[in-house]
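Since the structure comes first, as structure tokens, the remarks are kept for the end.
No lab work stands behind these numbers, since they all come straight from the coordinates. Not measured: the values here are computed from a predicted model. Backbone-built Cβ (ideal geometry, glycine too); neighbour counts: all protein chains shown.
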Amino acid sequence: MIKFSKIKIGDYVNAEYEGKMWNGEVVNFNGDEKQVCVKTEVQEFWFDTDHLYPIELSDAALLKLSFTKQVNDDGSVKYMKGSFRVTPVAGDFSKMEIWYREDRRHNPDIHSVHELQNQYLDMTKIYLTNDPM
């Protein structure tokens, strides 16, 4: 489950309906009912937040977000999208450093794609999408 206050329009989430999980993008809110409209591959659906789940931050998730992966000589990995960088510690995405220009954040509380999208927006003032730069 994702808290209603932690979701922004444009965030990518997993939404569950009748046992089926859909991957989609948040496109609207209903604050009175605490519902979120998620656009899936089929169409837009409204979900209660107890049916929304985070997408785990991983190598595959970053590549889907059009990050470029660079493996360094020492075995460390850096993911790049424009001037934005993500460097997990020893491949562990729960321990990482992110930076954009002079703004560096060591071990921010990021465990999922929507949390990274929100940090990216905070740092760059641009929405993080699957679109290449």
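For the stretch 59-124, the residue among Phe67, Ser94, Pro108 whose Cα projects farthest onto the positive side of the dipole built from Cβ charges is Phe67.
Can you tell me the dipole magnitude for the chain around its Cα centre, using point charges on the Cβ only (Lys, Arg +1; Asp, Glu -1), in Debye to the nearest 20? Walk me through the numbers on the way to the answer.
On the way: 16 positive and 22 negative charges, 96 e Å.
Dipole about the Cα centre, nearest 20: 460 debye.
Whole-Hz Karplus values for the stretch 88-97 come out as x, 8, 6, x, 9, 6, 7, 10, 8, 10 Hz, taken residue by residue from phi with 6.51 cos²θ - 1.76 cosθ + 1.60 and θ = phi - 60°; glycine and proline positions read x. The phi torsions of the stretch 8-15, fed into the Karplus equation with coefficients 6.51, -1.76 and 1.60 and a -60° offset, translate into couplings of 10, 4, x, 5, 9, 9, 9, 10 Hz, rounded to whole numbers, with Gly and Pro shown as x.
Looking at the stretch 59-124, send over the antiparallel percent of its DSSP beta bridges, to the nearest 5.
If we restrict to bridges inside the stretch 59-124, about 100 percent are antiparallel.
Computed over the stretch 27-110, relative contact order equals 13 percent, with contacts defined as Cα pairs under 8 Å that lie 6+ residues apart.
With runs of 4+ DSSP H residues as the only contributors, calculate the mean residue ellipticity of the chain at 222 nm using -39,500 (n - 2.57) per run, divided by the residue total and rounded to the nearest 500. The partial results should precede the final answer.
Numbers: 2 runs with 18 residues, N = 133.
Dividing the helical sum by the residues of the chain leaves -4000 deg cm²/dmol.
Set the bar at 28 Å for Cα to Cα. Now go through Lys34/Lys125; Lys39/Lys78; Lys3/Lys78; Lys39/Lys95; Lys20/Lys69; Lys6/Lys39 and name every pair that lies beyond it. With Cα atoms farther than 28 Å apart: Lys39/Lys78; Lys3/Lys78; Lys39/Lys95; Lys20/Lys69. If you take the Cα centroid of the stretch 64-133 and the Cα centroid of the stretch 11-60, the two points sit 22 Å apart. Working note: Karplus 6.51/-1.76/1.60 with θ = phi - 60° gives the stretch 41-58 the couplings 5, 8, 5, 8, 10, 9, 10, 6, 5, 6, 10, 10, 10, x, 8, 4, 6, 7 Hz, where Gly and Pro are set to x. A crude spin-label estimate for the pair Asp92 and Lys69, with each label 7 Å from Cα along the Cβ direction, gives 2.0 nm.
Quick check: convex hull of the Cα atoms in the stretch 5-100, volume per residue, rounded to a whole Å³? Intermediate values should be presented prior to the final figure.
Details: hull volume 12.0 nm³, N = 96.
Each residue corresponds to 125 Å³ of Cα convex hull volume.
Per the Cauchy relation, a quarter of the hull surface: what is the mean projected area of the convex hull of the alpha carbons in the stretch 4-53, in nm²? Display every interim value, and only then the final one.
Numbers: hull surface 12.3 nm².
Average of the hull's projected areas for the stretch 4-53 equals 3.1 nm².
What shape does the stretch 59-124 have by the C-alpha gyration tensor, where a ≥ b ≥ c are the square roots of the eigenvalues, rounded means a/c under 1.5, and otherwise prolate means a/b greater than b/c and oblate the rest? Rounded, since a/c falls under 1.5.
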